[in-house]
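Here's the structure we're looking at; comments come further down.
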Amino acid sequence: MGNKIKVGITHGDINGVGPEIVLKVVGDERLTELMTPVVYSSPRVLSFYRKALNLPQTQYNQVASAADVADDRVNLVNVTLPDDLKIEPGVASKSAGEAAFASLERAVADLRAGLIDVLVTAPINKDMIQSPTFSFPGHTEYLEASLAEPDRDKALMMMCAGGLRVALVTAHVPLAKVAAGVTRENVLAKLRLLNRSLVEDFSISTPRIAVLALNPHAGESGLLGNEESEVIVPAMDDARAEGIMCFGPYAADGFFGTSAWKSFDGVMAMYHDQGLAPFKTMAMGGGVNFTAGLPWVRTSPDHGTAFDIAGKGTADEQSLREAAYLAVDIVRSRRRREEAVSNPLKKQAADKPRKPKTADQRAPEAKNEAKPDATPQTETEE
């Protein structure tokens, strides 16, 4: 079969849990029934962790170029790394950061060239990867600079777990600068991106979006801040005038605890920890970070390099597996919509709301169940 979606997978920081979870995911032979995995790594890195962790042998189709990958096989694009590169599990090092970037750069180039269909990135260390060629606070910003069409595309960070989808107005900025980033223009722009993604990427014809307040108790009528009345509400009015169904702003402290999020298709948080703290409390280890708003699909696990457990064999690969599944689902949703646009007779079917697939529907063991021998990765991967 030549129509399987090609899923590029980077190895992340080679001293973190990235190589381990990649090996565990591609080691499941059922994966090739659903997609064509294309791993961007070095045979030496993968061999080191396979032997150190006593993982099963995986037969790779080693290729020099993604143009030569084979369906029904786990493909390995050989990323050239220095011969003297040290693999030191749990150690943050510039050389490991350079190896992470080498994998990422090669995969992004192939994504732009159409040699792979989606990109799934294993965790990087944001400090160690910094260099003259990578001066970004994370994957999201690098991918926006690398993949976005100038003056058209903007990236939107969205955390996903089943029906729970949390997007951010401001992402990787210091807390002291958050309020300055919550402008009427920015809130409206992010609401547009979230609404479009819910329609095109998740096949929800008329999304309902909850908007969280910036200040405690939604500002308490101006007593605790005026951003709600002066910025957020006007931006929501602008969005409603464009046909976007948004509601709020809701006080963030009780929104998730009362399960109010279940009444909406997406939630717009004002800043990083406002959205990610409750998300990870509910979905840690099974959630996915999706970079919406770009022409190409990129997902990643909901955790970081987890240096504290690297090389111990206890890393849980479930979030990376879910990231691969979600990437495939999103590509399929986009293709259905593109077909509907080109064939108006099919538009009604494409616009019909679809329930998100559960892991149970995709593979027998692809469930968000805690594994007794798995240790959660507590750092953040974005």
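Provide the FRET efficiency to the nearest 0.05 for the Asp308-Glu242 pair, computing r from the beta carbons and using R0 = 35 Å.
0.15
Based on the Cα coordinates of region 224-299, what is the per residue volume of their convex hull in Å³? Don't skip to the end; give the middle numbers.
Values: hull volume 9.4 nm³, N = 76.
Considering the Cα atoms of region 224-299, their hull volume per residue is 123 Å³.
Asn61 to Arg335: FRET efficiency via 1/(1 + (r/R0)^6), r the Cβ-Cβ distance, R0 25 Å, to the nearest 0.05?
My answer for the efficiency is 0.50.
Select from Ala251, Ala306, Ala323 the residue whose mean-square fluctuation is largest in a Gaussian network model of the chain (Cα-Cα springs shorter than 10 Å).
For the chain, modelled as a Gaussian network with Cα springs under 10 Å, the answer is Ala251.
Take every DSSP beta bridge whose two residues both sit in region 156-291, then give the antiparallel share in percent to the nearest 5.
Once the DSSP bridges in region 156-291 are tallied, antiparallel ones form about 45 percent.
How far apart, in nm, are the 7 Å Cα→Cβ label points at Met282 and Arg73?
Each label point lies 7 Å from its Cα, and together they span 4.3 nm.
Angle check, please: helix 43-52 long axis (alpha carbons) against the longest principal axis of the chain (alpha carbons), in degrees 0 to 90, nearest 10.
90 degrees
Just report the Cα centroid separation between region 264-283 and region 162-234, whole Å.
Answer, in whole Å: 11.
Running Debye on region 156-291 with equal point scatterers at the Cα sites and no solvent, what base-10 log of I(q)/I(0) appears at q = 0.10, 0.13, 0.16, 0.20 Å⁻¹?
The Debye formula, applied to the Cα set alone, gives -0.28, -0.48, -0.75, -1.21.
Using amide H atoms built 1.01 Å from N in the peptide plane, name the residues 5+ places from Arg165, or on other chains, whose amide H lies under 5 Å from its own.
Under 5 Å from the amide H of Arg165 lie the amide H atoms of Val267, each far enough along the sequence or on another chain.
Taking 0.36 nm per intervening residue step and subtracting the Cα-Cα distance, what contour gain separates Ala148 from Phe48 on full extension?
Gain in length upon complete extension: 32.4 nm.
For the Cα atoms of the chain, what angle does the longest principal axis make with the long axis of helix 94-112, in degrees from 0 to 90, nearest 10?
So the helix axis and the longest Cα principal axis differ by about 70 degrees.
In degrees from 0 to 90, rounded to the nearest 10, what is the angle of the helix 184-200 Cα long axis to the longest principal axis of the chain?
60 degrees
Quick one: if the Förster radius is 30 Å, what FRET efficiency do Thr258 and Arg196 give, using the C-beta to C-beta distance and rounding to 0.05?
According to the calculation, E is roughly 0.60.
Give the Rg (one decimal place) followed by the Dmax (whole number) of region 181-240, computed from C-alpha coordinates and expressed in Å.
Taking only Cα atoms of region 181-240, I get Rg and Dmax of 12.8, 40 Å.
Using helices alone, I'd like the mean residue ellipticity at 222 nm for the chain: each DSSP H run of four-plus residues gives -39500 (n - 2.57), total over residue count, nearest 500.
-10000 deg cm²/dmol
Using every alpha carbon pair in the chain, what percent of pairs falls into each 10 Å bin from 0 up to the bin containing the largest distance?
All Cα pairs considered, the percentages come to 5, 24, 33, 24, 11, 2, 0.
For the chain, what's the relative contact order in percent, using C-alpha pairs closer than 8 Å and at least 6 residues apart?
21 percent
Throughout, read-outs are computed from the coordinates displayed, never taken from laboratory work. Fair warning: this is a prediction, and the values are worked out from it, not measured in the lab. Here the Cβ is made from the backbone with ideal geometry for all residues, glycine too, and neighbour counts use every protein chain on show.
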